Amino acid sequence: MNRAVVPGTFDPVTSGHLDIIERAAALFDEVVVGVALSDKKNGGPLFTPEERVALLEGATQHLGNVTVRPFDTLLVDFAEEVGASVAVKGLRAVTDFEREFQMAALNWRLDAKIETMFIMAVPEYMYLSSSAVKEIARHGGSVRGLVPDEVCDALEQKLL
Ligand code: ADP
């Protein structure tokens with residue numbers, strides 16, 4: 001059984017995240033999407049962990065081999081806990097590479113049994129991030145197509 005984790009903050013899940021999850025689900029028998037709780041960047045997440053998990057569950061319900069779980073530990077410990085041997089990350093621009101390169105090296109140092117694998121973002125979503133989506137929504141712009149429809153509605157409610 002080949003199981004992979006796809007970790008992230010997912011605040012909220014975007015079409016770019018979903019593309020990576022779908023492609024990982026086609027490559028592995030099982031995919032566990034890990035929702036990191038403790039990210040304090042930019043004043044903390046907009047959505048609660050429960051909301052982020054629920055939005056991801058809605059967005060991935062068409063994928064039979066994908067489950068969603070929150071985690072608040074080291075990524076390698078989370079991967080071991082769910083029985084995954086691979087962590088799949090999406091790669092957008094050069095800026096992602098620098099950060100991901102460092103994290104992959106540190107994770108390898110922490111637990112060499114967990115392999116980090118990268119999937120390149122499709123050109124359409126190369127510049128898409130959760131923070132950009134929140135910025136657009138906050139200023140009343142449309143994010144339809146950039147995020148699953150449920151996320152559009154959740155953003156509207158949250159930012160009303
Ligand atoms: P963000 O950087 O948007 O806040 P996360 O921290 O939740 O997102 O990122 C989780 C993973 O998803 C990371 O590996 C990140 O590189 C990847 N990712 C984020 N946005 C995209 C995208 N548009 N296309 C491909 N991968 C992405």
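The values are calculated or read from the model by the stated rules, or taken from the named source; none is laboratory data. Just so it is clear, the structure is predicted and the values come from calculations on it, not from any experiment. Using ideal geometry, Cβ is built from the backbone for each residue, glycine included, and neighbour counts are taken over all protein chains shown. Heavy atoms of the whole protein, side chains included, go into the accessibility calculation; ligands, DNA and RNA do not. Shrake-Rupley method; radii C 1.70, N 1.55, O 1.52, S 1.80 Å.
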Hits for the chain under the membrane-span-like helix rule (DSSP H, Cα axial span at least 20 Å, Kyte-Doolittle mean at least 0.0) are none
Averaged over all viewing directions, the convex hull of the alpha carbons in the chain casts a projected area in nm² of 8.9
Please identify, among 97, 47, 118, the residue showing maximal mean-square fluctuation in a Gaussian network model of the chain using a 10 angstrom Cα cutoff.
97
Suppose the chain between residue 136 and residue 37 were pulled fully straight at 0.36 nm per residue; how much longer would it get relative to their current alpha carbon spacing?
33.3 nm
Return the distance in nm (one decimal) between the two label points of a simple spin-label model at residue 124 and residue 29, each offset 7 Å from Cα along Cα→Cβ.
3.1
Taking 0.36 nm per intervening residue step and subtracting the Cα-Cα distance, what contour gain separates residue 158 from residue 115 on full extension?
11.8 nm
Mind checking which aspartates and glutamates have their C-alpha under 12 Å from residue 40, skipping anything on the same chain fewer than 8 residues away?
11
Using a 1.4 Å probe on the protein heavy atoms, what percent of the accessible area of segment 104-160 belongs to carbon and sulfur?
56
How large a share of the accessible area of segment 22-85, in percent, is made up of carbon and sulfur atoms when the probe is 1.4 Å and the other protein chains stay in place?
51
Sorted by chain and then number, the residues having a modelled amide H within less than 5 Å of the amide H of residue 117, at least 5 places away or on another chain, are 87, 88, 89
On a full-extension model of 0.36 nm per residue, what is the gain between residue 67 and residue 96, subtracting their alpha-carbon distance, rounded to one decimal in nm?
7.9 nm
Value at 222 nm in deg cm²/dmol, rounded to 500, when DSSP H runs of n ≥ 4 in the chain each add -39,500 (n - 2.57)
-13000 deg cm²/dmol
How big is segment 97-142 in terms of Cα radius of gyration and Dmax, in angstroms?
15.5, 45
